[in-house]
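Step one of this worksheet: look at the structure below.
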Amino acid sequence: MATISMGVARKWNRTITRHLNLFYLLVFALFAYHNLAPFGLVGSQPARDAAEGKLLWAKGFLLGSVAILIPLLSPRPYIPVDEKVLRLVLHRIAEPR
């Protein structure tokens, strides 16, 4: 899906990227529920994957960075603001009632 988003029009690129980010976030949420939530419970251990040890934490770090950090740090398109509209809005806000 990420490879497809590079070769399509800008409109579809944004749509595919949003879907991909949502997919990664859902996968990270499932990972956290399955492997990290048991650490917060008394007497619980992560199910089935506890034997992975450091590999489990590496997977969590990579998945977390892909699901959370990259979407937060990716650049957004600049949309210029019309100065006339901005002045009108600011004038209405500053105007005493």
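Values quoted throughout were computed directly from the atomic coordinates according to the rules given, and no laboratory measurement underlies them. Just so it is clear, the structure is predicted and the values come from calculations on it, not from any experiment. Cβ: placed from backbone, ideal geometry, glycine included. Neighbour counts: every protein chain shown.
Based on DSSP H segments of at least four residues, each scored -39500 (n - 2.57), the chain has a per-residue ellipticity at 222 nm of -17000 deg cm²/dmol. The fraction of all Cα pairs in the chain landing in successive 10 Å bins from 0 to the largest distance is 13, 27, 20, 18, 13, 8, 1, given as whole percents. Structural descriptor for the chain: relative contact order 21 percent, calculated from alpha carbon pairs under 8 angstrom and at least 6 residues apart.
Evaluated with a Cβ-only charge set (Lys, Arg +1; Asp, Glu -1), the chain carries a dipole of roughly 380 debye about its Cα centre, given to the nearest 20. Comparing ALA32, ALA51, ALA67 in a Gaussian network model of the chain (Cα springs below 10 Å), the most mobile by mean-square fluctuation is ALA51. Helix 10-31 and the longest principal axis of the C-alpha atoms of the chain enclose an angle of approximately 40°.
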